[in-house]
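Notes follow the structure.
The values are calculated or read from the model by the stated rules, or taken from the named source; none is laboratory data. Source: prediction; values computed, not measured. Positions of Cβ are generated from backbone atoms using ideal geometry, with glycine treated the same way; all protein chains shown enter the neighbour counts. What goes into the accessible areas is simple: the full protein's heavy atoms, side chains included, and nothing from ligands, DNA or RNA. Shrake-Rupley method; radii C 1.70, N 1.55, O 1.52, S 1.80 Å.
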Amino acid sequence: MLGIEYPILCGGLFGLSESKLVSSVCNAGGLAFLSSNHLGSKEALRQQIRRTKELTNRPFGVNISLLSESKKNLTNDYIDVIMEENVRVVETAGNNPTQYIKRLKDENITVLHKATTARHAVKAESAGADAIVLVGYAAAGHPGMEEVGLFVNLPETVRAVHVPVVAAGGICTGAGMAGAFLMGAEAVLMGTAFAVTKESSFHENIKRKLIQAKSTDTVVVFKSLRNAFRCLKNHETARILELERQHAPAEEIFRNLASGDAKKCYLEGDADNILIPIGQGIGLIDHIVSCKELINGMMIQYKACLKNLKDPGLGNED
Ligand SMILES: Cc1cc2nc3c(=O)[nH]c(=O)nc-3n(C[C@H](O)[C@H](O)[C@H](O)COP(=O)(O)O)c2cc1C
């Protein structure tokens, strides 16, 4: 469906998935999505698409995060650029994607929609999505309000839809990929693992802090706003959780959010005063490797896992 060598995708990563990271994943045989969310204008997206084309001749996609209705015009602008620049794959995430999927499908663009429950996956399928990226609760960013882990919502979704399902949320290793495939996934999508690669634009200080983190070092904020968001525990998440504990209204929470520019903090290494989306899988990562090393390493481990399965030690069953 995607014309790629390995079934490994890198999701849109706010502030990070620009031409350098995206082309590195694609050149290593996977597929990555440029994040449009942090760019703010159609011309900035056009520039990223053109730059990515200079760095790779492999397919790549664009992520469109549909979190707020007020950004509807910008979303349609992004879709115009995607069509004008002939990008063939889009990942939609967030709010109901129906109207946008229709526009994209009219141009035969392949659409993968991110869903966190089987129910949302079925809706996206009926809206015309070509594949579902099913996100489990361990994921960085928006893991859904229902708090269902991948071991349950992945097979549930595979049963419920007819289109291919891509598994996401906590997958960082070839073993995780093998597990997802055994449960019916046809590819995996990762964010956390790619966010700490050599090509990610997180500052070295942030990357070093992240690879020391354990699975218990992340926390979900914004549950009171029904917009659950998993990030690294830091000064900023503590402030937000305290406001949520006091039942602060949304306006107060937003007014109190650190006003810093996230991308600037990521580049300059401020790991405390901004939200850093990261998933529980960070506990499995202790080295900074290149995208190529990550993908090759996963494929080697994945094949070793399958080999073990051929001789799964079931004993004498005769
Ligand atoms: C730094 C970072 C930024 C992210 N930004 C976005 C985003 O803007 N839009 C989106 O749909 N998902 C975003 N995500 C989520 C990923 O695309 C992906 O769904 C998720 O990371 C998969 O789970 P994992 O982190 O356990 O691999 C982000 C993830 C990370 C780590």
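Given their separation in residues at 0.36 nm each and the Cα-Cα distance between them, L182 and N86 gain 31.1 nm when the chain is fully extended. Distance between the 7 Å Cα→Cβ label points at T216 and R245: 1.8 nm. Computed with a 1.4 Å probe on the full set of protein chains, the accessible area for K105 sits at about 60 Å².
Calculated from the alpha-carbon coordinates, segment 24-113 shows an Rg and a Dmax of 12.3, 37 Å respectively.
The magnitude of the dipole of segment 1-136, with charges of +1 and -1 set on the Cβ of Lys/Arg and Asp/Glu and taken from the Cα centre, is near 140 debye.
Need one word for the chain: rounded, prolate or oblate. Basis is the Cα gyration tensor (sqrt eigenvalues a ≥ b ≥ c); a/c below 1.5 gives rounded, then a/b vs b/c decides.
Numbers: a/c = 1.32, a/b = 1.14, b/c = 1.16.
Rounded is the answer for the chain, as its axis ratio a/c remains below 1.5.
If you place +1 on the Cβ of every Lys and Arg and -1 on the Cβ of every Asp and Glu, how big does the dipole about the Cα centre of segment 61-117 come out, in debye to the nearest 20?
Values: 7 positive and 8 negative charges, 51 e Å.
Rounded to the nearest 20 debye, it is 240 debye.
Determine one quarter of the surface area of the Cα convex hull of segment 95-229, which equals its mean projected area, and express it in nm² to one decimal.
On the way: hull surface 37.0 nm².
Reported value for the Cα convex hull: 9.3 nm².
Taking the Cα centre of segment 23-63 as origin and assigning +1 to Lys and Arg Cβ atoms and -1 to Asp and Glu Cβ atoms, the resulting dipole is close to 100 debye. Calculated on C-alpha atoms, the gyration radius of segment 194-269 divided by its Kirkwood radius gives an Rg/Rh of 1.01. Among G179, S215, C265, which residue has its Cα furthest toward the positive end of the charge dipole of the chain, with +1 on Lys/Arg Cβ and -1 on Asp/Glu Cβ? The residue sitting farthest along the positive end of the dipole is C265. When peptides 59-72, 13-26 are ranked by their average number of other Cβ atoms within 10 Å per residue, the highest-first order is 13-26, 59-72.
Given a 1.4 angstrom probe, I'd like the percentage of the accessible area of the chain that is carbon and sulfur, rounded to a whole number. In the chain, the share of accessible area belonging to carbon and sulfur is 50 percent.
Which whole-number value in Å² is the accessible area per residue of the chain, probe 1.4 Å?
On the way: 14760 Å² over 318 residues.
Solvent-accessible surface per residue comes out at 46 Å².
Take the Cα of F151, step 7 Å toward its Cβ, do the same at N205, and the gap between the two points is 3.8 nm.
Between E5 and L309, the modelled label-to-label distance comes to 2.3 nm, taking each label 7 Å out from Cα in the direction of the beta carbon. Return the whole-Å distance between the Cα centroid of segment 35-82 and the Cα centroid of segment 239-282. Segment 35-82 and segment 239-282 have Cα centres spaced 24 Å from each other.
Can you tell me the relative contact order of the chain? Whole percent, Cα pairs under 8 Å, sequence separation 6 or more. For the chain, the relative contact order is 16 percent.
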